[in-house]
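S.K.: Pasting a structure here, questions to come.
The values are calculated or read from the model by the stated rules, or taken from the named source; none is laboratory data. Only a predicted model underlies this, so the values are computations on that prediction, with no experimental measurement involved. Here the Cβ is made from the backbone with ideal geometry for all residues, glycine too, and neighbour counts use every protein chain on show. Calculation scope for accessible area: heavy atoms of the full protein, side chains included, ligands and nucleic acids excluded. Shrake-Rupley method; radii C 1.70, N 1.55, O 1.52, S 1.80 Å.
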Amino acid sequence: MKAKDEITAHESSITAGECAGSAEQIELKFVEGGAELLDTVRPLWKKLNALHAEKSPHFAEAFAKTSFLKRKVELENKAITGQLLVILAITKVHECIAYCVCSVGKESSVSGAGRVGEIDSMFILEPYRRQGIGRKFVKRCMAWFQKNEAEKVIVFVGVGNEEVLEFYKTFGLLPLAHV
Ligand SMILES: CC(C)(COP(=O)(O)OP(=O)(O)OC[C@H]1O[C@@H](n2cnc3c(N)ncnc32)[C@H](O)[C@@H]1OP(=O)(O)O)[C@@H](O)C(=O)NCCC(=O)NCCS
């Protein structure tokens, strides 16, 4: 059965951590689903791609040329060959301010084939960063990886975006290779 069928979109409400320097709290609704949610992430994905283009010292042009449709097809294929989870964080006024996409697929190596969980894409609008939303996304991904029997977890971080390594380090995800 494909991921699209396995994951039923469902919602849950949370209050993200306090905003830095104030007691204000944002109420967010987390929506989980499969590839059918990908179109919703398009505007935020475009911002992520622009960020990569800005930060990448060597591949700015390649990032600029990458289209959302191409990326969407890649992620849809992951849903077909494995499982895909899309998580959206939605404000009270129905604005999607952050998303995370993760997948589970098969990887073959000399030691055989294993199930690999991958955090494929994640972006949080700047004013909402450092309030624990990224942490909530990764926790949800990790629980989903466990449920889907992933034996290891990987994430690719673009060159130039190394500050994100500190974020992943807090979950025990450590850099393995620079390519
Ligand atoms: C990376 C990102 C997803 C983190 O999300 P976030 O909601 O801001 O992170 P959290 O608030 O959950 O942070 C959890 C912890 O990770 C660490 N952390 C998060 N962002 C960090 C940063 N920029 N530098 C160093 N440590 C960081 C901190 O230890 C933080 O805990 P603290 O705030 O109590 O110190 C977010 O900054 C983002 O969307 N960045 C732009 C897009 C991007 O780079 N995506 C990743 C592509 S691989």
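S.K.: Projecting each Cα onto the charge dipole of region 43-179 (Lys/Arg +1, Asp/Glu -1 at the beta carbon, about the Cα centre), which of 145, 165, 108 comes out farthest on the positive side?
M.R.: 145
S.K.: With every protein chain kept in place and ligands, DNA and RNA left out, what is the accessible area per residue of region 10-166? Probe 1.4 Å, answer in Å².
M.R.: On the way: 8820 Å² over 157 residues.
Each residue of region 10-166 exposes 56 Å² on average to a 1.4 Å probe.
S.K.: With the contact rule set at Cα under 8 Å and sequence spacing of 6 or more, what percent relative contact order holds for region 10-166?
M.R.: For region 10-166, the relative contact order is 22 percent.
S.K.: Can you list the trypsin sites (Lys or Arg not before Pro) in region 50-98 that are in a DSSP coil and have 11 or fewer other beta carbons within 10 angstrom?
M.R.: Passing both the DSSP loop test and the Cβ count: 92.
S.K.: With the dipole of region 10-166 worked out from charges on the C-beta (+1 for Lys and Arg, -1 for Asp and Glu) around the Cα centre, which of 38, 131, 59 lies farthest toward the positive end?
M.R.: 38
S.K.: Something else now. To the nearest Å, what is the center-to-center distance of region 157-179 and region 20-80, using C-alpha atoms only?
M.R.: About 18 Å separates the Cα centre of region 157-179 from the one of region 20-80.
S.K.: For residue 81, what accessible area in Å² do you get when you roll a 1.4 Å probe over the heavy atoms of the protein chains, rounding to the nearest 10?
M.R.: The accessible area of residue 81 comes to roughly 120 Å².
S.K.: Another question, if that's okay. What figure, in Å² to the nearest 10, do you get for the accessible area of residue 26 with a 1.4 Å probe and non-protein molecules left out?
M.R.: We get 30 Å² for residue 26.
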